[in-house]
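Shown next, in structure tokens, is the structure this report addresses.
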Amino acid sequence: MDTVELAKSLISFNTTTPPGNEEDCARFLADQVQDLHIDGAEIEVQRFQEGRANLIATFDGDGPGLLLAGHIDVVPAKDAENWTSPPFEGSLRAGKLYGRGAADMKGAVASMVTAIASLKKSRRKRSLVLIGTAGEEVGFDGLYAMIKAGKFKQVKARARCGVAGEPTEMNVVRAHKGGVSCKVIFEGRSAHASDPKLGVNSIENCILFINELKGYRRELSRTRNEDLGRTLITPTVISGGSKSNVIPGRCELTLDGRLIPEHTSKSVLDRLQTLIGTLSKRHENFSARIEVLYRTPPLVTPRGDPFVKTCEALTKSTSTIALYGTEAGVYAENGIPSVVLGPGNIKQAHIIDEFITLKQLRSAETVYTRLIKEICL
Ligand SMILES: [Zn+2]
């Protein structure tokens, strides 16, 4: 089994989320793993929506071992005509594999499978698990469907440590912030702009909220986490109004939150609700509600964790932190201490002409193989 060929095959499945369509890719992966004929293997394609599925492959040992995890969906390849080669056709040029998902993160998934294949005849003392999740790029919906269906229990029972193979250039990332994103919807009342008192201006109410939010943002920034710095709550999208001569009846504000472990998504959302309550008391025509778009937990595996030490030794690197969020936070939250460790550069994620170097793919294959040996054999 060859990592580059497998990565090319995975790239050829258009698993853009939304809508996803990850099922064919998950089935292809399941067939690849099935064909290895590994003792104690149980391979499941968990379908959770029309055309959408996760892969869960477990290889039993006597006790819990290692989880290797990656997502099989990709972000859209807009402007396909601006790509040098078609985004859903893995193309090799000058030591690099190009295609949507090459770095984020079908290359890593391919390396995980070849690492497993290279040790298929070895006797395992401890279990090994491979999961390929759908919908990571749209709020981890595949992983949450796996948990909701009770399927993550079998993963947890077999893994005492986990790796999410997001692109870190094979450096060990042991911590990142959590996330929360929500829409605040301001409902006013439309009226002719020539007589504003007949209406309720939702844009002006949104401004009241943004001003009130400033104090909370300042308060949050007073807490500093040693690893991850400070919590950020940023207004990122605003839309409201319909016509120049109409008092806007509706305005929507999207907030992006990046949270240190000291601030939970619940505490932040509760506080935003309190701000709305305060403004409603102060201004009789103020009304707003919150719609949560997604929340993701932080990753905070301690520097001295034995698994972090093992990964550092294997990669000859010192563990670090990341600015982006990953599913590793969810594995950790569900009882599997985890790190992010994968091939390719995060700068390649989500861009035109995304690529991964063949050198990174080989390095991932080597490191994952050694990790399996270290933890499971
Ligand atoms: Zn990713």
Right, E137: modelled with pLDDT under 95 and in contact with a strand residue (DSSP E or B) (Cβ under 8 Å, 6 or more places away or on another chain) or not?
-> yes
Report whether or not A322 is closer than 24 Å to E136 by Cα, in contact with a strand residue (DSSP E or B) (Cβ under 8 Å, 6 or more places away or on another chain), in contact (Cβ under 8 Å) with a residue 24 or more places away in the chain and within 16 Å of the ligand (Cβ to nearest atom).
-> yes
Determine which member of the set G304, G344, G241, G277 is more than 30 Å from V113 (Cβ to Cβ) and assigned by TED's automatic domain parsing to the domain that holds A103.
-> G304
Of residues in the stretch 56-84 being more than 16 Å from the ligand (Cβ to nearest atom) and of a type in the set (A, V, I, L, M), the one farthest from L36 (Cα to Cα) | A80
Filter pass, T310 being assigned to a loop (DSSP other than H, G, I, E, B), modelled with pLDDT of 95 or more and among the β-branched types (V, I, T) | no
Going by the conditions given, is S190 small (G, A, S), more than 16 Å from the ligand (Cβ to nearest atom), farther than 30 Å from T84 by Cα and surrounded by fewer than 24 Cβ atoms within 10 Å (Cβ to Cβ)?
-> yes
Test: residue in the stretch 282-289 that is part of a strand (DSSP E or B) and touching a residue at least 40 places away in the same chain (Cβ under 8 Å) = yes
Reported set for the stretch 199-252 where residues are of a type in the set (D, E) and surrounded by 15 or more Cβ atoms within 10 Å (Cβ to Cβ) is E204, E212, D227, E252
Could you list, in sequence order, the residues of the stretch 134-161 that are among the small types (G, A, S) and either within 15 Å of the ligand (Cβ to nearest atom) or not assigned by TED's automatic domain parsing to the domain that holds A103 (or both)?
-> A134, G135, G139, G142
So, first residue not assigned by TED's automatic domain parsing to the domain that holds M105 and at pLDDT 95 or above in the stretch 67-83, second residue more than 10 Å from the ligand (Cβ to nearest atom) and not hydrophobic (A, V, I, L, M, F, W, C), Cβ within less than 8 Å, six or more apart or across chains; the pairs are none
Determine which member of the set D31, D24 is surrounded by fewer than 19 Cβ atoms within 10 Å (Cβ to Cβ), closer than 27 Å to R93 by Cβ and out of contact with any strand residue (DSSP E or B) (no Cβ under 8 Å at 6 or more places or on another chain).
-> D24
Checking G342 against (1) closer than 26 Å to G257 by Cβ; (2) buried (at least 19 other Cβ atoms within 10 Å of the Cβ); (3) in contact with a strand residue (DSSP E or B) (Cβ under 6 Å, 6 or more places away or on another chain); (4) not basic (K, R), the condition it does not meet | (3)
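Results for (1) of a type in the set (S, T, N, Q); (2) within 29 Å of the chain's Cα centre (by Cα), shown as yes or no for each residue.
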| residue | (1), (2) |
| --- | --- |
| S202 | yes, no |
| I207 | no, no |
| I210 | no, yes |
| Y216 | no, yes |
| L220 | no, yes |
| R230 | no, yes |
Among the candidates R271, R258, single out the residue that is among the basic types (K, R) and part of a strand (DSSP E or B).
-> R258
Any chance V113 is in contact with an Asp or Glu (Cβ under 6 Å, 6 or more places away or on another chain), of a type in the set (V, I, T), buried (at least 24 other Cβ atoms within 10 Å of the Cβ) and in contact (Cβ under 8 Å) with a residue 40 or more places away in the chain = no
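Listed here are the residues, each with its yes/no results for (1) more than 17 Å from E169 (Cβ to Cβ); (2) crowded, with 22+ Cβ neighbours inside 10 Å; (3) not assigned by TED's automatic domain parsing to the domain that holds S118.
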site: T318; (1), (2), (3): no, no, no
site: I321; (1), (2), (3): no, no, no
site: E327; (1), (2), (3): yes, yes, no
site: E333; (1), (2), (3): yes, no, no
site: S338; (1), (2), (3): yes, yes, no
site: Q348; (1), (2), (3): no, no, no
site: I352; (1), (2), (3): yes, no, no
site: T357; (1), (2), (3): no, no, no
site: Q360; (1), (2), (3): no, yes, no
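Residue by residue, here is whether (1) assigned to a loop (DSSP other than H, G, I, E, B); (2) modelled with pLDDT under 95; (3) among the β-branched types (V, I, T); (4) over 30 Å from R250 (Cβ atoms) holds:
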position	(1), (2), (3), (4)
L143	no, no, no, yes
V155	no, no, yes, yes
C161	no, no, no, yes
T168	yes, no, yes, yes
R174	no, no, no, yes
V184	no, no, yes, no
K197	no, yes, no, no
N205	no, no, no, no
L208	no, no, no, no
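The values are calculated or read from the model by the stated rules, or taken from the named source; none is laboratory data. From a predicted model like this one, the values you see are computed outputs, not experimental measurements. Note: ideal-geometry Cβ built from the backbone for every residue, glycine included; neighbour counts use all protein chains shown.
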